[in-house]
Amino acid sequence: MSPISTPDGSSPPARPANSPAGEPTASTDRAAPRPRPAPEPDGDHPTQPATGPTEPDQSGNDTSRPDPTGNGASKPDPTGNDTSRPGPSANKATGPHPSEATTPHPSEATTPHPSEATTPHLSAVHLSTASSAAERATRDLAAQFEDEKPGRVLTGPVGLILTGVSLAVGALALWQVFRPLSQGSKYYLIIFLAGVLPLVFLAYPADLRLPARLRARRRRDSTDRDNPDRDSTDRGNPDRDSDSTRARPTATDWVLVALAAAACLYPVLPIPIGTGGGGYNAFLDRQGLLAPVDLVLGTVLLLLLLEACRRTTGWILPAVCLLFLGYGYYGGLLPQSWPVAHAGLDFSQLVDAFYNSDSGFYGTPLDVAASYIVLFTIYGAVLELSGAGRFFVELSAAAFRRSRTAAGRTAVASGFLLGTVSGSGAATTVSIGAVTWPLLRRAGYPPERAGGMLAAAGVGAILSPPTLGAAAFIIAEYLGVSYLQVLGWATVPTVLYYLGILLSVEIDARRSGVRPVVIDVGSPWRLLARFGYHFASLIAIIVFLAVGVSATKAVVFAIVLAVALSFLAPKSRLSPARLVTALVTGVRGVLAVTAVCAAAGIIAATTTKTGLGPQAAALLIGGAQAATSDPTLVLVLTALLAAVALSLLGLAVPVTASFVIGWVIVGPALLDLGVTAPAAAMFVFYFAVLSEVSPPTALAAVAAAAVTGGRLVPTMWQTLRYALPAYLTPIAFVITPAGLGLLGIGGVQRIAFAAVVTALSVAVLAVAAGGWLPGVGPAGVPERVLGALAGVTLLWLEPVPVAVGTALAAVAAVGVLVRRGSAGRPSSDPVEEKL
């Protein structure tokens, strides 16, 4: 989501209902002209933008209209080609590795560098006069670093088909909340998958790389056939031809659409086909003894789901699924003395487990996607179209407009508030970076440090209630608890996470001599009075859950409330047409998640059939017991080994799949050692999420580096420093019973003790990592080492370790006081920024 408004002060133009998140809209490519100082607000929006006249250069080109790629104004070359269009080497969403990305900063798409700006109020450009070109630049950049690949923007009849089916799926999801289908939840999952899976093949291109010679020939033949009169200078342009091919489904895509619809709908079709078919009940009666046609269509659906995952997330998750499939089939050939050996399964048993059981394709992960995630994505789309994102960013800026660390605090607060809506780490990073990076740059933040701050704040989106990531809903289903309980478990760790980031911001401001930035954006109370209703639906979700309303009904009621309140701002009200857009956009946003959740059923079913979970747990515990026989140390070493394994797993697969795999492999090991189910589940959840900031992939850090232009590896290390509390807090609530207080479990005394001691640990670790004690001065190497030891010791929430850790922290603080004479360089005069 982008919180940026359009030149007329209205909400940003909604992308087409069939447009994926992160894809450009069909609106004009022309960026807004440079603004003159903004006029007074008109009462309908927090800020009222202004536009100014453009000034053509000597050749007549409008130099104030930057190209969305950030390459400058379009100027024809001698051949007449538009040189502003990126060439074959330009970075695309499916181009080079993100670390090699050449995508321009979103800020550069709308305004020059501050030193070249024609107005001293730089940030007004970003919040109030950003054009649709900047909106598209931000979405393009976010799409490159999401867990899923960018999809097609479909128009014409194909777009209408996708819109119609998406609308039907969304309506079915809403209907299921209040009038569940009488045949049961599995019947609904079959219908839901039958509606979503075909759309994946329409919305996401295959992106298969052909040999260079064959690719060139195919491109040339296709170009000449489609446009025989095309100018010779345009022929063979790989950028244009690839875009043309990606923009429309191929014949192969349509074949896959038909196969997906047939394979998904087969279990419910009341048509006998040989010894198979015959309807839903007959299909269930054949569980354990599939007919040949069942086996064929189950295999087809298996292959289609693997291809859908490849199109949406890449090769790694399908490869992991095939690895589990191979283990299930060939595991019987392993030496029976091996712990992971099993009796072996034939192919029909595997297909039966995938296609006709409650732990396969139609298991808990898909149930979560079809029952919860789709509703929350629709809710997020409603908030986006009603202007909530823009309000959250402007409120963050207003709240800290007079503080010394206003720029850093604004970035962190924006990440938290936007995260309550998006629940996506990389997308939130790009959205807040597009707006706050110019402020951070003017305040003197180095690109790498600013990038680390933005990435850590963005990943907090997946950790922040009330819209946690998809894995949180799976936790609720696996443990049989309400979603409100999961939110309660996440509350204290979320507060500690943002406490660590804010402390790091304060330390960086003093250690690096960051210049104060006075943000002139008006009173936060005035913003709250005019647009505070955007919080109402978020609060309503918590209230409904607290009074016993189910999570699905709570989010539907919140959607209705958000729609009704949108009419308080006439320019962003949700008319029937915009409601349809929100509904379809929400369904479009769940396509990739659905494919991942259905494919995760392959992993879950294989693990259940082979007994791999207990066997892997025994291996993990055995590795810890090989180092020590002390039960406490065994638990600590197992937790550390599990954390490393989960972090490595998260580098390869999306967060949802990482949690499912981690829960069936690591979860049993923690449970066998006496860890409670909530603590084990949240432990797996946190380390699955932290893959977004873990090198060497660290998608959120890569996205932040692309926004700030910083070096990639230093940006990743800065992100790790800011996100340090999130790595350590899960270990705290696993290794000691008192750590359950961090999850809100236990009496008030336990919760308060755990929260206060862990907050002290987070503060000491922030000082040790940042090398500065706020209010005192720089910390030397000895003090930082003592601080690190103190912070880690305090995580052991027992009286003796807490006392030792507190003493070490006090000694480190005394050491810093001794060094007080060596203070950092003073900051310069404040730099005023008007938002």
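Among A370, A407, which is the only one that is open to solvent by less than 30 Å² (accessible area, probe 1.4 Å) and under 30 Å from G513 (Cα atoms)?
None of the others qualify; the one that does is A407.
Scanning the stretch 517-549 for residues that are touching a residue at least 40 places away in the same chain (Cβ under 8 Å) and assigned to a loop (DSSP other than H, G, I, E, B), which turns out least open to solvent (accessible area, probe 1.4 Å)?
V521
From L366, L375, grab the single residue that is in contact with a Cys (Cβ under 9 Å, 6 or more places away or on another chain), closer than 20 Å to F192 by Cα, part of a helix (DSSP H, G or I) and modelled with pLDDT of 90 or more.
The unique qualifying residue is L366.
Please tell me if T552 is open to solvent by 20 Å² or more (accessible area, probe 1.4 Å), touching a Leu at 6+ places or on another chain (Cβ under 9 Å), within 18 Å of D367 (Cβ to Cβ) and part of a helix (DSSP H, G or I).
So T552 passes the test.
Among the residues in the stretch 589-605, are any of a type outside the set (G, A, S), within 16 Å of G674 (Cα to Cα) and crowded, with 23+ Cβ neighbours inside 10 Å?
No, the stretch 589-605 contains no residue that is of a type outside the set (G, A, S), within 16 Å of G674 (Cα to Cα) and crowded, with 23+ Cβ neighbours inside 10 Å.
Just the residues that are in a helix (DSSP H, G or I) and touching a Ser or Thr at 6+ places or on another chain (Cβ under 7 Å), please, taken from the stretch 718-764.
R721, Y722, T729, A732, L740, L742, T758
Hey, can you tell me all the residues within the stretch 636-654 that are open to solvent by less than 20 Å² (accessible area, probe 1.4 Å) and part of a helix (DSSP H, G or I)?
T638, A639, A642, A643, L646, G650
Residue by residue, here is whether (1) assigned to a loop (DSSP other than H, G, I, E, B); (2) more than 24 Å from the chain's Cα centre (by Cα) holds:
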| position | (1), (2) |
| --- | --- |
| G164 | no, yes |
| V169 | no, no |
| L172 | no, yes |
| S182 | yes, yes |
| I190 | no, yes |
| A194 | no, yes |
| L197 | no, no |
| L202 | no, no |
| P205 | yes, no |
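Specify the residue that is nearest to G451 (Cα to Cα); the eligible residues are those in the stretch 466-497 that are surrounded by fewer than 22 Cβ atoms within 10 Å (Cβ to Cβ) and not hydrophobic (A, V, I, L, M, F, W, C).
By that ranking, first place goes to T494.
With the requirement that a residue be open to solvent by less than 20 Å² (accessible area, probe 1.4 Å) and more than 27 Å from the chain's Cα centre (by Cα), what does the stretch 555-576 give you?
Residue satisfying the conditions is A569 alone.
Determine whether G741 is under 21 Å from V814 (Cα atoms) and either open to solvent by less than 10 Å² (accessible area, probe 1.4 Å) or under 26 Å from the mean Cα position of the chain (by Cα) (or both).
The answer is no for G741.
Condition test on P654, is it touching a residue at least 12 places away in the same chain (Cβ under 8 Å) and closer than 29 Å to C321 by Cβ?
yes
In the stretch 758-779, which residue that is over 20 Å from G452 (Cβ atoms) and open to solvent by less than 10 Å² (accessible area, probe 1.4 Å) is modelled with the lowest pLDDT?
So, considering only residues that are over 20 Å from G452 (Cβ atoms) and open to solvent by less than 10 Å² (accessible area, probe 1.4 Å), the one modelled with the lowest pLDDT is G777.
Which ones in the stretch 307-323 are crowded, with 20+ Cβ neighbours inside 10 Å and of a type outside the set (D, E, K, R)?
A308, C309, T312, T313, L317, P318, V320, C321
The values are calculated or read from the model by the stated rules, or taken from the named source; none is laboratory data. Bear in mind the structure is a predicted one, so any value in this text is a computation, not a measurement. Here the Cβ is made from the backbone with ideal geometry for all residues, glycine too, and neighbour counts use every protein chain on show. What goes into the accessible areas is simple: the full protein's heavy atoms, side chains included, and nothing from ligands, DNA or RNA. Shrake-Rupley method; radii C 1.70, N 1.55, O 1.52, S 1.80 Å.
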